[in-house]
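This report concerns only the one structure given below.
The values are calculated or read from the model by the stated rules, or taken from the named source; none is laboratory data. Please read all numbers here as calculations on a predicted model, not as lab measurements. Cβ atoms come from the backbone with ideal geometry, glycine included; neighbour counts cover every protein chain shown.
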Amino acid sequence: MAVKDFTLDIKDGEFIILVGPSGCGKTTTLRSIAGLEEVTGGEIYIGDRLVNDVPPKDRDIAMVFQNYALYPHMDVYRNMSFGLRLRKTPKDKINEIVRRTAKMMGIGELLSRKPKELSGGQRQRVALGRAIVRDPKVFLFDEPLSNLDAKLRIAMRAELLDLHRRLKTTTIYVTHDQLEAMTMGDRIVVMKDAVIQQVDAPQQVYDHPLNEYVAGFIGSPAMNFLPCRIARKNGNFYASSESFNLKIPPDNAKSLADYVGKSVILGIRPEHITIRSQAGKYDPEMAFKGSVWVTEPLGSEKIVYVKNGQNTIVTRLDPRVEVRVGETAEFVARMALSHIFDEETEKTVY
Amino acid sequence: MRRVMFWIAVVIVLCAFILPIAWVYVTSLKSPEDIFRPEKLAFLPTLYNYKYIVTVRPSLLEFRNALIITLASTALVMGVSLPAAYSFARFNTGGGHLLFITISTRMFPPVVAAIPFFFLFRDWGLLDTHLGLILLYIYFNMSFATFLLYGFFREIPEELEHAAMVDGYGRLSIFRKVIFPLIKPGAAITTVFCLVWAWNEFLFAFLFTRRVARTVAVGLAVFWGSIEIQWGPMAALMGLAILPTLAAAWFMQRFIIRGLTFGAVKG
């Protein structure tokens, strides 16, 4: 995987997330920072130091690997102290650091165990502990939670955040899970095909995606993409197709003048569509009709798939809304929160 | 019923393996008159045959030769094969072709190599020398050992090395502190295989040695003369010659299980 044109300035103490589908180059980027991958062009700085030709051992980084990469023949204590022992740290100092960190990570009782005697979550903690004792300039995490089961993953997510708040060490974290990216990062870097798509705070990425790809990648269920045409009537702009005709609020429409009559993609998130009975006061020009195809009650919400002409539109409704499969109903889109994407360049128009 | 069948099968297999060995030891303890009277189950054990191979026909030299050649060739093979296999496994050195060429020396019948080697060794004065046989055994064992070790190295996840690099270690100390401890069972098995093979090797030892460097395996065949076969002393020498290999087999069974399930201990 060759990563091109990757320019990113990471602030001291920042928690940066590289997110993207598998094979998008995020791990390659991380490994380049670690020095495990050869960099053929460009420069990597840690602090003020150019590290392109610095071997991994001298970069003062710590990395947590997806499969933990604990040394199978060493017990937990030796695993954690392996890096320190090389640095000629005095024995009692090592002992103190390792024991303190192990206690903090909740693995104080496991110091004499071998990795194969540990559960997945415990191994994860040891791997983290091994990184923490080194007190490095940068933490690199390569999908550290992806081998854990769902419940543990959520618990560890919170612990990692808490850890970062306490240690304030600059962290670069790779994941393919957009939920992890949204919940953990100060800033997230969305990558696709070895190219950065967008770098911004999670909420910004969610609210203002730069292109269709980012819009679809962040958010779950994913944003609806509806092919349509921009029409102009009575000074207002409309996203219009055979099966819907939705008014675009004037505030959003400023950049649309060039697109009148052209094919575009309307993007609207499932949570920004409600059923008419829930909509309260609404603009009838921002509503469309559809027949309920599938409903997925999740307890806290209800995901409803609606057939509208050729489109299947996903909506996220209040769980108490009664909808019957096959029923035709009217749905209201919060068009102020929608997006228009250029059909050719896939860039966001607004 | 199934259990009965199971034990019958076990007994048959055990007999097939143990009876020949038992025959060797029983025969070695028989006096020449008793050897050809198998119907006589009870006999007076004697150490006559063992005395014979020590005093009448000294065979200890052959033991020493075999020991020198076996140990030296195995040590050199491991010295080269360990780094070679590591390099093949980790850096894909030679893009797979080099590894294939290495293994391909094992694919033709070894005797094919005997004639060219014989002329070469004759010209270089290596016939009937320890060095000659050591070189030959290196040639034959190296490919095998490299291939076996290659498999073991492949089982070690690359991330372990990366973790050690990030932890601050250089390539050499990583090999010493992380890789080698993990490869130990595999290296032990490979070493034992090389030792046993070199110890037992007959064809080349027979063709390339006369007197000075003759090994035990060849020495055994010498009892097979044109006038008579000296079964008793031959059995005695056999009994001694298989002791090291039996020890190796015993040693190996502890490791071979671990070696074969090596992949299960991933970090």
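Here are the numbers for the structure shown:
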quantity: Evaluation of A:Leu84 against (1) among the aliphatic types (A, V, I, L, M); (2) crowded, with 20+ Cβ neighbours inside 10 Å; (3) within 31 Å of the chain's Cα centre (by Cα) (one fails), failing number; calculated: (3)
quantity: Among the candidates A:Ile97, A:Ile132, A:Ile172, residue that is at pLDDT 90 or above, outside any helix (DSSP H, G or I) and among the β-branched types (Val, Ile, Thr); calculated: A:Ile172
quantity: Residues of the range B:1-45 satisfying the condition of being among the β-branched types (Val, Ile, Thr), surrounded by 12 or more Cβ atoms within 10 Å (Cβ to Cβ) and farther than 16 Å from B:Leu240 by Cβ; calculated: B:Ile35
quantity: Residue within the range A:19-36 that is touching a Ser or Thr at 6+ places or on another chain (Cβ under 6 Å), within 17 Å of A:Asp193 (Cα to Cα) and in the same structural domain as A:Ala181 (by TED's automatic domain parsing) present; calculated: yes
quantity: Wholly within the range B:96-193, helices (runs of 4 or more DSSP H) carrying at least 1 residues that are in the same structural domain as B:Phe255 (by TED's automatic domain parsing) and within 30 Å of A:Ala34 (Cα to Cα); calculated: B:130-154, B:158-166, B:171-174
quantity: Condition met for A:Met184 (touching a residue at least 24 places away in the same chain (Cβ under 8 Å) and in contact with a Cys (Cβ under 6 Å, 6 or more places away or on another chain)); calculated: no
quantity: Residues located in the range B:155-214, provided they are free of Cβ contacts under 8 Å to residues at least 12 places away in the same chain and more than 10 Å from every other protein chain (Cβ to nearest Cβ); calculated: B:Leu172, B:Arg176
quantity: Filtered residues of the range A:135-168 (kept if outside any helix (DSSP H, G or I), closer than 20 Å to A:Val19 by Cβ and touching a residue at least 40 places away in the same chain (Cβ under 8 Å)); calculated: A:Val138, A:Phe139, A:Leu140, A:Phe141, A:Asp142, A:Glu143, A:Pro144, A:Ser146, A:Asn147
quantity: Qualifying residue in the range B:68-89 (condition: surrounded by 10 or more Cβ atoms within 10 Å (Cβ to Cβ), out of contact with any Leu (no Cβ under 9 Å at 6 or more places or on another chain) and more than 25 Å from B:Leu136 (Cβ to Cβ)); calculated: no
quantity: Residue within the range A:106-113 that is within 14 Å of chain B (Cβ to nearest Cβ) and in contact with a helix residue (DSSP H, G or I) (Cβ under 8 Å, 6 or more places away or on another chain) present; calculated: yes
quantity: Flag if A:Arg125 is away from every other protein chain (no Cβ under 13 Å) and either assigned to a helix (DSSP H, G or I) or more than 21 Å from the chain's Cα centre (by Cα) (or both); calculated: yes
quantity: Scope the range B:215-239; condition at pLDDT below 90 and either of a type in the set (Ser, Thr, Tyr) or not in a helix (DSSP H, G or I) (or both); matching residues; calculated: B:Val222, B:Phe223, B:Trp224, B:Gly225, B:Ser226, B:Ile227, B:Glu228, B:Ile229, B:Gln230
quantity: Looking only at the range A:29-51, and only at residues there that are surrounded by 14 or more Cβ atoms within 10 Å (Cβ to Cβ) and part of a loop (DSSP other than H, G, I, E, B), the one that is nearest to the other protein chains (Cβ to nearest Cβ); calculated: A:Leu36
quantity: Hits in the range A:61-78 (condition: more than 9 Å from chain B (Cβ to nearest Cβ) and not aliphatic (A, V, I, L, M)); calculated: A:Asp75, A:Tyr77, A:Arg78
quantity: Within the range A:276-301, tally of residues that are free of Cβ contacts under 8 Å to residues at least 12 places away in the same chain and not in a strand (DSSP E or B); calculated: 3
quantity: Members of the range A:196-247 that are among the polar types (S, T, N, Q) and touching a helix residue (DSSP H, G or I) at 6+ places or on another chain (Cβ under 9 Å); calculated: A:Gln197, A:Gln198, A:Gln203, A:Ser220, A:Asn224, A:Asn236, A:Asn245
